[in-house]
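Let me begin by presenting the structure, written as structure tokens, before commenting on it.
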Number of protein chains: 2
Amino acid sequence: MGTTQLESVPEPKYWHLKTVLSEALDSEFSVGEILPNERDLAARFGVARATLRQALEQLELEGRLQRRRGVGTTVAPPRVGVAVGSEQDVWPGAAGDAWQPTDCTVAVPPTSVADILGTVHGEQAHTVRRSRVTHGQPVAAELLYIPASSVPDLSAIDAPSGAARARAVLRELQRLELEGQHRAVELGSARADDAKELDRLPGAPVLVVTTRFFAEGRTAAVSVATYRADTCRLTFGDSGGVEIHHDPERRAS
Amino acid sequence: MGTTQLESVPEPKYWHLKTVLSEALDSEFSVGEILPNERDLAARFGVARATLRQALEQLELEGRLQRRRGVGTTVAPPRVGVAVGSEQDVWPGAAGDAWQPTDCTVAVPPTSVADILGTVHGEQAHTVRRSRVTHGQPVAAELLYIPASSVPDLSAIDAPSGAARARAVLRELQRLELEGQHRAVELGSARADDAKELDRLPGAPVLVVTTRFFAEGRTAAVSVATYRADTCRLTFGDSGGVEIHHDPERRAS
DNA sequence: TAGTGGTCTAGACCACTAA
DNA sequence: TAGTGGTCTAGACCACTAC
């Protein structure tokens, strides 16, 4: 250092700010620590609060910070690895899966889901709500759409809704032989209901995992799961028998 | 309670705006069409430009819009499905893979990669740059880190750098027997170099896919690929022999 | 050069949390 | 109630693109 940098392409202030803050997080803060409030930070760096917020938003997107209204901004722990693709294909609700069924209703799936499901638009489907919790924190909310044709023998189930019915529907689904599954991951923003369940504000960035379950030569069910993008790292696939331990360390000093 | 509940939780303006715009996109615009400019749109909806921009940012994040400085805002086509997890494990550079090697240098990997690789911090590794193009558009940029121990017989290769050397290094890597691989997906923001290659601004949201390749009982290589989050839907896994055709349709009228 | 989106400012008020 | 982050405004200027 010593000489001033000439900035042939001037970097935006918020970008430079993000870099500075990121380095400060590495060297001067530890996980869980509370940062100064936004007005103070902005003053300290000599920028408007909106500019400072632009930098904080990026850092939050990258999982480095956690901001809570009325509380403050804290240094986030490293993202948790969440297993999504298991080695063998299994139906939702199979023994030992990470999901907790909370409700089951009959509803018309969104057209995008109906397209994948291959059902007629406007046709109802069993809709199971499930949530996933890791280390005491909610990480994902799921809607599972099951057309009536996939669970023909539902007359024996008396619970009209709720977790009990959800479990019963899943049990019924498992009578089919699962032939395969297919997943897609994309970026989205949390709808109001999912946001509430994930303890975030509406519009928060989420990773949307859409899973198609194949049985009897067709799509027997579709799951749309939204994971908190700030706290989650989705993990897939086999490890070839080699043990995996993601680095628990990130700090330097 | 007999009275109607009028906004017990008032919706933010930008959120409502986003909903209105989203519906307008479905019904009144077609893919590629140019929207009115931000100043006009803001005036039309009676909000400040910053508020309007907040709504547009969300829609862009969801892949509904595409904004280009100096040009305008256009309606984005549906996201392209990009296959990431193939059914069988293969080494990078195997026949028929979707990547184009562009360069190969020797560099010190970032500490986060070194941790996964199990190498000493500061130790150099062969670093192969590759890019992935779909439908004429760049969708991903990758850095592949290969420790020297994974490619012992590199003396016969004369090209000091460039695409030729990259191909040679990959060819050498394929002499090892691949025992498995493991992937993780998380949200990130594009570094300056990746952003340039992806034709986006720095900080643009990307899906970061980290792949560990296992051979000889250890991690033989690590790939960090960044996919454009606005245009890509990452697809994984087997389809159970059932043909997959994602809905090409989204518009109504 | 005209028009676009990108950055930045200096305020204001609101919703939420915890003491 | 005091303090936090979230929303919103009405400007200004800059960087880039295409004509």
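Tabulated values for the structure
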| item | result |
| --- | --- |
| Using a 7 Å Cα-to-Cβ projection, residue B:154 label spacings across copies, nm, ascending | 5.9 |
| Spatial separation of Cα centroids for the range A:71-140 and the range B:116-153, in angstrom | 33 Å |
| Loss of accessible area when B meets A, both sides summed, Å² nearest 100, probe 1.4 Å | 3600 Å² |
| Largest-first ordering by accessible area, 1.4 Å probe, given options B:185, B:47, B:31 | B:31, B:47, B:185 |
| Entries of A:196/B:13; A:13/B:13; A:196/B:196; A:18/B:196 with Cα pairs more than 25 Å apart | A:13/B:13; A:196/B:196 |
| 1.4 Å probe, heavy atoms, protein only - residues of the range A:109-132 losing at least 20 Å² accessible area vs chain alone | A:115, A:116 |
| Accessible-area composition of the protein assembly as shown, carbon plus sulfur, in percent [1.4 Å probe] | 51 percent |
| Taking all pairs of distinct alpha-carbon atoms in the protein assembly as shown, Kirkwood radius in angstrom | 24.9 Å |
| Inter-copy separations for residue B:108, label at 7 Å along Cα-Cβ, nm, ascending | 6.1 |
| Computed over chain B: relative contact order in percent, which uses C-alpha pairs under 8 Å that are six or more apart | 20 percent |
| Residue mean of other protein chain beta carbons inside 10 Å, B:215-224 | 1 |
| Inter-chain shielding of A:173-183 (mean C-beta neighbours from other protein chains, 10 Å cut-off) | 3 |
| Highest-MSF residue in chain B out of B:222, B:206, B:120 [GNM, Cα springs under 10 Å] | B:120 |
| GNM result for chain B, Cα springs below 10 Å: residue of B:29, B:236, B:45 fluctuating most strongly | B:45 |
| Cα pair distances of the range A:80-235 binned at 10 Å [whole percent] | 11, 41, 38, 10, 0 |
| Gaussian network model of chain A, Cα within-10 Å springs - most flexible of A:144, A:59, A:41 | A:41 |
| Shape call, the range B:13-75: gyration tensor on alpha carbons, a/c limit 1.5 | rounded |
| Neighbouring partner chain Cβ atoms per residue of A:230-236, average, 10 Å criterion | 6 |
| Charge-dipole axis of the range B:80-235 as Lys and Arg at +1 and Asp and Glu at -1 on Cβ define it, positive-most pick from B:98, B:231, B:81 | B:231 |
| Test item: Cα-centred dipole of the range A:122-221, Lys/Arg +1 and Asp/Glu -1 on Cβ, debye | 220 debye |
| Label point distance in nm, residue B:124-residue A:39, each placed 7 Å from Cα along Cα→Cβ | 5.3 nm |
| Exposure rank, largest accessible area first [A:34, B:116; 1.4 Å] | A:34, B:116 |
| Accessible area in square angstrom per residue, the protein assembly as shown, 1.4 angstrom probe | 51 Å² |
| Relative contact order (percent, whole number), the range B:33-133, Cα cutoff 8 Å, 6+ residue spacing | 20 percent |
| Nearest-first distances (nm) between copies at residue A:177, label 7 Å from Cα via Cβ | 3.2 |
| Cα-centred dipole magnitude for the protein assembly as shown, charges only on beta-carbon of K, R (+1) and D, E (-1), debye, nearest 20 | 1500 debye |
| Cα-centred dipole magnitude for the range A:13-75, charges only on beta-carbon of K, R (+1) and D, E (-1), debye, nearest 20 | 340 debye |
| Size descriptor, Kirkwood hydrodynamic radius, that averages inverse alpha-carbon separations across the range B:43-123, Å | 17.9 Å |
| Charge context of residue A:49, other residues only, Cβ under 13 angstrom, K/R +1, D/E -1 | +1 |
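The values are calculated or read from the model by the stated rules, or taken from the named source; none is laboratory data. Model, not experiment: these values are computed from the prediction. Cβ coordinates were reconstructed from backbone atoms using ideal geometry, including for glycine residues, and neighbour counts include every protein chain displayed. These accessible areas exclude ligands, DNA and RNA; they are computed on the full protein's heavy atoms, side chains included. Shrake-Rupley method; radii C 1.70, N 1.55, O 1.52, S 1.80 Å.
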